[in-house]
Protein chains: 2
Amino acid sequence: MAREIMAKALPSEGKGVKVFYGEFVNEDYVFGYISRLIYGESGIQNIYILENKFWGRMLFINNNLQFTSRDEFIYHESLVHIPMQSAPEGKIKRVLICGGGDYGAAREVLKYPYVEEVIIVDIDPRIPKLIEEYFPELLPENPRDPRLTLITEDAYVLVDKYVKEGQIFDMVIVDSTDPDIGEAEKIQELSHALFGIDFHQKLLKICPSGIVVQQCGTPFTMKNILLGVYKIYQEVYSPKEIYVYRANIPSFGSDNAFIMRCPFRDPHIPKGKEIASTLYYDFSVHTGSFALPKFWKEILYP
Amino acid sequence: MAREIMAKALPSEGKGVKVFYGEFVNEDYVFGYISRLIYGESGIQNIYILENKFWGRMLFINNNLQFTSRDEFIYHESLVHIPMQSAPEGKIKRVLICGGGDYGAAREVLKYPYVEEVIIVDIDPRIPKLIEEYFPELLPENPRDPRLTLITEDAYVLVDKYVKEGQIFDMVIVDSTDPDIGEAEKIQELSHALFGIDFHQKLLKICPSGIVVQQCGTPFTMKNILLGVYKIYQEVYSPKEIYVYRANIPSFGSDNAFIMRCPFRDPHIPKGKEIASTLYYDFSVHTGSFALPKFWKEILYP
């Protein structure tokens, strides 16, 4: 299994139009894929699915790669198991996933038997449908797991409603596209509000003593949103409860940053039972993920 | 300083021919650079130097990226400080660098005041000259450091000579291009022999109780040489003394692997004084570098 993940091209079904697709990672720096374009549609977000010999299937939203079938497990395992294992065993029972309509984060959360309820709120109803058709491996082990609810709604709007209803969660995962901080983008990313201070003030209300975790892009090569989000977390949550960790998702190039508000002690020490069905995450990876390059720390903790 | 490293384009001097240069990372997967080609020459190795808005200057040997001026520090600091700090303080006095004509590894080794002698042996006499002209930042703090000797020779031949002379080193760094294991390459990489069992049997003779460290490429996306080299190390050295660690060098894409024969205990615990003038490496990075993804471990330790 592990051997197949690495350094080997995948079979192609030969469907779709052959294209050379390039994603600008930074100025004059491009990731290029000779691929078959097997799905493409405009709408509230532009969605493309490519099939590439090395990466397998690749989902792009607004020209930004979201994941590939070859290495999505690294992203989703990092996003979920590090916060889950930072909390005492059994503590996380009710989980809200903002974005994450691709089911990948939910698939990982549902591996914990003590989790009682998982709600995904994604603004784009096409994403879950496309996953079922093109990326069925992202679905939870039991795709009809009764603990899981999918809501098609703007996460900001739903969270606002939950604040008014007084709903409480043990963990909130913000699993969205990168926002458009600091750059003149043609397309306004729908995720923009999920990186703002208002949103986190609301999250604090529905998750007053739990974990909030958020993906923050690849600080070295792409938009540097990490520092901005870190400052917002410092303002909204207790500064002592904020942690940054990283994971290398090969298709993203450089290390991806994750930020976590964790009110539990020593999150770098995993607390629960190890989940057998992971491919990337284990307890040594857990602890190692919190070791940040010196130049990240110099920016975050000047 | 750290802020400048990340996510910001660099000024261009505007010299050279503007090209779109692509490096195939795997099948149908390309890193593309809109760049100025400021140096290009064939010979025993094909060498190109590009100037790119994001990466700065980039050195390619036989169409494979060796390093960029933006992130070479991560590669060289990982290659050097992890083994140096795995040994007891003051233990590493005499160091041989096989390859490494770019001076980057020597620059880092010479930061330790107790190092008495560093020999670089590189087969290609053009590399050190090009560094002086195009990448002066890779030179040691004191470019005329009397502890440093540069020898233009095939490392295999020099090591063979050192075996006959009975010379002894405390550390050997194999800092070469990737070999051409497992693929039909048009160009025979000169580094090929440095990954073979013969070479390591010789290294064991000149470094019987010291550290041998070697870069092993990016196992996820490029040639998977890690497992092959690991097996050679297991055969030549004591299996209990072999360690694998990783570092994310953004311009390489996915994590780079390093393999180390270290006869000293608990190499994941740094032993010496922390070097102030690093940008990537510190003691938390040291320990974290040994945390390997589960799918790496499943290949290495089945």
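The values are calculated or read from the model by the stated rules, or taken from the named source; none is laboratory data. What you see is a predicted model, and the numbers here were worked out from it, not measured in a lab. Cβ atoms come from the backbone with ideal geometry, glycine included; neighbour counts cover every protein chain shown.
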Residue pairs within 9 Å by beta carbon, gap of at least six or interchain, first lying in segment A:28-41 and more than 7 Å from chain B (Cβ to nearest Cβ), second in a strand (DSSP E or B) and surrounded by fewer than 18 Cβ atoms within 10 Å (Cβ to Cβ), listed first then second, are A:36/A:17; A:36/A:18; A:36/A:19; A:37/A:17; A:37/A:18; A:37/A:19; A:38/A:17; A:40/A:17
Would you check which residues across segment A:14-23 are under 27 Å from residue B:36 (Cβ atoms) and either free of Cβ contacts under 8 Å to residues at least 24 places away in the same chain or in a loop (DSSP other than H, G, I, E, B) (or both) and list them? A:20, A:22
Segment A:217-236 residues that are under 16 Å from residue A:191 (Cβ atoms), paired with ones that are among the hydroxyl-bearing types (Ser, Thr, Tyr) and surrounded by 20 or more Cβ atoms within 10 Å (Cβ to Cβ) (beta carbon under 6 Å, 6 or more apart): A:218/A:254
Got at least one residue in segment B:95-111 being in the same structural domain as residue B:267 (by TED's automatic domain parsing), out of contact with any Ser or Thr (no Cβ under 9 Å at 6 or more places or on another chain), at negative phi and surrounded by fewer than 19 Cβ atoms within 10 Å (Cβ to Cβ)? no
I'd like to verify a number: residues in segment B:246-260 that are free of Cβ contacts under 8 Å to residues at least 60 places away in the same chain and either more than 13 Å from chain A (Cβ to nearest Cβ) or over 19 Å from residue B:299 (Cβ atoms) (or both), how many? 1
Sole exception among (1) within 14 Å of chain A (Cβ to nearest Cβ); (2) touching a Phe, Trp or Tyr at 6+ places or on another chain (Cβ under 6 Å) for residue B:87, by number: (1)
For residues that are out of contact with any Leu (no Cβ under 8 Å at 6 or more places or on another chain) and surrounded by fewer than 19 Cβ atoms within 10 Å (Cβ to Cβ), scanning just segment B:31-51, find the one that is modelled with the highest pLDDT. B:34
Filter result for residue A:263 (within 11 Å of chain B (Cβ to nearest Cβ), over 20 Å from the mean Cα position of the chain (by Cα) and either modelled with pLDDT of 95 or more or within 20 Å of residue B:73 (Cα to Cα) (or both)): no
Picking from B:44, B:82, B:74, which residue would you name as being within 22 Å of the chain's Cα centre (by Cα), facing chain A (nearest Cβ under 10 Å) and in contact (Cβ under 8 Å) with a residue 60 or more places away in the chain? B:74
Taking segment A:52-69 only, how many residues are at pLDDT 90 or above and either surrounded by fewer than 19 Cβ atoms within 10 Å (Cβ to Cβ) or among the small types (Gly, Ala, Ser) (or both)? 3
Scan segment B:220-227 and give yes if some residue there is over 25 Å from residue A:54 (Cβ atoms) and of a type in the set (Ser, Thr, Tyr), otherwise no. no
Exactly one of these conditions fails for residue A:279: (1) within 9 Å of chain B (Cβ to nearest Cβ); (2) surrounded by fewer than 17 Cβ atoms within 10 Å (Cβ to Cβ); (3) closer than 18 Å to residue B:284 by Cα. Give me its number. (3)
Evaluate the following for residue A:168: is it more than 14 Å from chain B (Cβ to nearest Cβ), at pLDDT 95 or above and in a loop (DSSP other than H, G, I, E, B)? yes
Of all residues in segment B:282-302, count the ones that are surrounded by fewer than 22 Cβ atoms within 10 Å (Cβ to Cβ) and of a type in the set (Val, Ile, Thr). 2
Matching residues, segment A:216-245, being among the charged types (D, E, K, R) and away from chain B (no Cβ under 12 Å): A:231, A:235, A:240, A:241
Can you name every residue in segment A:47-71 that is within 14 Å of chain B (Cβ to nearest Cβ) and of a type in the set (A, V, I, L, M, F, W, C)? A:50, A:54, A:55, A:58, A:65
Cβ-Cβ below 7 Å, separation at least six or inter-chain, first residue in segment A:105-129 and touching a residue at least 40 places away in the same chain (Cβ under 8 Å) and closer than 20 Å to residue A:82 by Cβ, second β-branched (Val, Ile, Thr) and in a strand (DSSP E or B): which pairs? A:105/A:97; A:105/A:173; A:106/A:97; A:106/A:118; A:106/A:120; A:109/A:95; A:109/A:118
Members of segment B:135-168 that are touching a residue at least 60 places away in the same chain (Cβ under 8 Å) and touching an Asp or Glu at 6+ places or on another chain (Cβ under 9 Å): B:135, B:137, B:138
Among the basic types (Lys, Arg), more than 24 Å from residue A:249 (Cβ to Cβ) and modelled with pLDDT of 95 or more: which single residue out of A:107, A:147 fits that description? A:147
